[in-house]
Amino acid sequence: MRKSLVAIAVLVATALTACSGGDETGGVAAAPSSGGKTKVTYVTTAAVPGSTQIALFAVPTAMKYFEEEGLDVTLQTTNGSTAALQVIAAGDALATNAEVVSTMAAVQKGVDVRTVGSINTSFPWKIGVPEGSKISTATDLKGKKIGIISLASGSNLFTRSFLQQNGLNPDTDVQLLPVGQGAQAKAALDSHQVDALALYAELFAQLEMSGSSFTYLQNPPLFDGMPSIAFTARADDLTDARKDVLTRYMRAAYKGLMFAAVNPEAAVEMGTKVFPQIAGPNASPQKKKELVTLMKAWLSTSSPQSGDPSTWPDWGVLTEDGLNKAAEYAVSTGQVAKKPVPSEVWNGSLVTEVNKFDKEALIKQARDYTTS
């Protein structure tokens, strides 16, 4: 555990003036009486910016969606949902993008936080085997070696649950070997140290860009419609004056997500400017192309994949069925002691107000936007 989350938090350089919110106001500093913007701190769960931060921060920053909502937003980074939820619970930030299961675990431990709007509505983890492999179903994994990121990762939890739901014992029927990700994972697969990999969509997209080809095993029904990542805030911020600030923040963030879904190339262009570290000072066309591929992989679990964007359902909705699946997963993987009740974790009271923006106008804006 870090000695001090605040001491190591990295404030990402942005086009906005960085200013963290006051500790006593839940990551929100009151707007000056002169008509200035309300200062808000948003804490993200990744130490290094990626697709999530591009869609939910870089795009709303570059397109002035935060500004239109009267907000001056600062991004603070942590490493993982648990750390981010600690920042939220301490009142040092307004919202974060935490794993739904991590929020469930926090609530059971007495942390007064709530999931308030979905981000990744499709479960992103899957098991891939090399194209042409004789492994085509989960039962074919018996006696095989599966590469996971680490024993402490979500990769391990997902794989064990995947196997159990397919009638396999993860402790005796297979071998789970930590192989990291990226080049390490590719090397382990190419050298036949493992027969399959358990990764999430973006990591498989990285490997595919490096020349690997995969066949993906079908996930068990539990993972169909099971949410993964969602906006999380303090429960108190849903009952007082900060409720309006949280609503405006989420509205701007969802506008950024919708823009990215319609025009991922433009979103990545904005991301490389707000976060120059992700592509270097002179981002090459090839690097940007790679980032677009990763963005599309992330969007495959974060936005509807069918129908015209103008017909997409309201952003942020989480179904009781999806939450119950997440709760069942949390229990089966030992992340909670008892099955959470959705109402103890989920508060959807902001969803209607969050979606009060002109979606057709935003879609047109995104489609008409041209990159430099």
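Determine if the stretch 65-78 includes at least one residue that is modelled with pLDDT of 95 or more and closer than 14 Å to Ala230 by Cβ. Break it down stepwise before answering.
Applying the first criterion (modelled with pLDDT of 95 or more) to the stretch 65-78 yields 65-76.
Okay, now just the ones that are also closer than 14 Å to Ala230 by Cβ, so none.
There is no residue in the stretch 65-78 that is modelled with pLDDT of 95 or more and closer than 14 Å to Ala230 by Cβ.
Among the numbered criteria (1) at positive phi; (2) touching a helix residue (DSSP H, G or I) at 6+ places or on another chain (Cβ under 8 Å); (3) not polar (S, T, N, Q), which single criterion is violated by Trp346?
So the condition that Trp346 fails would be (1).
Only residues that are open to solvent by less than 10 Å² (accessible area, probe 1.4 Å) and at positive phi: list them for the stretch 76-116, please.
Gly91, the sole residue that qualifies.
I'd like to verify a number: residues in the stretch 321-336 that are under 20 Å from the mean Cα position of the chain (by Cα) and free of Cβ contacts under 8 Å to residues at least 60 places away in the same chain, how many?
Result for the stretch 321-336: 1.
Could you look through the stretch 295-319, keep only residues that are β-branched (Val, Ile, Thr) and open to solvent by 50 Å² or more (accessible area, probe 1.4 Å), and pick out the one that is farthest from Lys255 (Cα to Cα)?
The extreme case among them is Thr319.
Let me spell it out: the conditions are (1) within 17 Å of the chain's Cα centre (by Cα); (2) hydrophobic (A, V, I, L, M, F, W, C); (3) crowded, with 20+ Cβ neighbours inside 10 Å, and Val245 meets all of them except one. Which number is the exception?
Among (1) within 17 Å of the chain's Cα centre (by Cα); (2) hydrophobic (A, V, I, L, M, F, W, C); (3) crowded, with 20+ Cβ neighbours inside 10 Å, the lone unmet condition for Val245 is (1).
Applying the selection to the stretch 320-372, what residues are under 30 Å from Met270 (Cβ atoms), open to solvent by less than 50 Å² (accessible area, probe 1.4 Å), in contact with a Lys or Arg (Cβ under 9 Å, 6 or more places away or on another chain) and assigned to a loop (DSSP other than H, G, I, E, B)?
Answer for the stretch 320-372, where residues must be under 30 Å from Met270 (Cβ atoms), open to solvent by less than 50 Å² (accessible area, probe 1.4 Å), in contact with a Lys or Arg (Cβ under 9 Å, 6 or more places away or on another chain) and assigned to a loop (DSSP other than H, G, I, E, B): Leu350, Asn355, Phe357.
What are the pairs with Cβ atoms under 7 angstrom where one residue, in the stretch 67-93, is closer than 11 Å to Thr41 by Cβ and the other, located anywhere, is among the polar types (S, T, N, Q) and surrounded by fewer than 16 Cβ atoms within 10 Å (Cβ to Cβ)? Sequence gap at least six, or different chains.
Asp72/Thr17
Would the stretch 131-153 turn up any residue that is under 30 Å from Gly348 (Cβ atoms) and surrounded by 15 or more Cβ atoms within 10 Å (Cβ to Cβ)?
There is at least one residue in the stretch 131-153 that is under 30 Å from Gly348 (Cβ atoms) and surrounded by 15 or more Cβ atoms within 10 Å (Cβ to Cβ).
With respect to Asp171, is the statement that it is farther than 13 Å from Pro130 by Cβ, touching a Phe, Trp or Tyr at 6+ places or on another chain (Cβ under 9 Å), acidic (Asp, Glu) and surrounded by fewer than 16 Cβ atoms within 10 Å (Cβ to Cβ) true?
No, not satisfied.
So Ile127 fits all but one of (1) more than 16 Å from Ala230 (Cβ to Cβ); (2) assigned to a helix (DSSP H, G or I); (3) open to solvent by less than 10 Å² (accessible area, probe 1.4 Å); what number is the exception?
(2)
So, in the stretch 62-73, how many residues would count as being farther than 17 Å from Ile363 by Cα and either crowded, with 21+ Cβ neighbours inside 10 Å or among the polar types (S, T, N, Q) (or both)?
Result for the stretch 62-73: 4.
Report, by residue number, each residue of the stretch 245-272 that is within 15 Å of Thr370 (Cβ to Cβ) and in a helix (DSSP H, G or I). Write out each step before concluding.
Filtering the stretch 245-272 for residues within 15 Å of Thr370 (Cβ to Cβ) gives 259, 262-270.
Of everything in the stretch 245-272, those that are within 15 Å of Thr370 (Cβ to Cβ) and in a helix (DSSP H, G or I) turn out to be Phe259, Val262, Pro264, Glu265, Ala266, Ala267, Val268, Glu269, Met270.
Do we find a residue being at pLDDT 65 or above, open to solvent by less than 40 Å² (accessible area, probe 1.4 Å) and either closer than 22 Å to Val268 by Cβ or in contact with a Phe, Trp or Tyr (Cβ under 7 Å, 6 or more places away or on another chain) (or both) anywhere in the stretch 1-24?
no
Here is a yes/no grid of residues against (1) aromatic (Phe, Trp, Tyr); (2) touching a Lys or Arg at 6+ places or on another chain (Cβ under 9 Å):
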position: Phe204; (1), (2): yes, yes
position: Leu217; (1), (2): no, yes
position: Asp244; (1), (2): no, no
position: Arg248; (1), (2): no, no
position: Leu257; (1), (2): no, no
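Consider Asp92 carefully, then state whether it is over 19 Å from Gly348 (Cα atoms) and assigned to a strand (DSSP E or B). Don't jump to the end; show me each part of the working.
Details: over 19 Å from Gly348 (Cα atoms): yes; assigned to a strand (DSSP E or B): no.
Against the criterion (over 19 Å from Gly348 (Cα atoms) and assigned to a strand (DSSP E or B)), Asp92 does not qualify.
Taking the conditions exactly as written (over 15 Å from Lys126 (Cα atoms), surrounded by fewer than 21 Cβ atoms within 10 Å (Cβ to Cβ), under 23 Å from the mean Cα position of the chain (by Cα) and at pLDDT 95 or above), does Pro220 satisfy them or not? Explain how you work it out, then say what you get.
On the way: over 15 Å from Lys126 (Cα atoms): no; surrounded by fewer than 21 Cβ atoms within 10 Å (Cβ to Cβ): yes; under 23 Å from the mean Cα position of the chain (by Cα): yes; at pLDDT 95 or above: yes.
No; evaluated as a whole, the condition is false for this residue.
The values are calculated or read from the model by the stated rules, or taken from the named source; none is laboratory data. What you are looking at is a predicted structure, and each value in this text was computed from that prediction instead of being measured. All Cβ positions, even for glycine, are placed from backbone atoms using ideal geometry, and neighbour counts span all protein chains on display. Remember, those area values only see protein heavy atoms, side chains included, never the ligands or the DNA or RNA. Shrake-Rupley method; radii C 1.70, N 1.55, O 1.52, S 1.80 Å.
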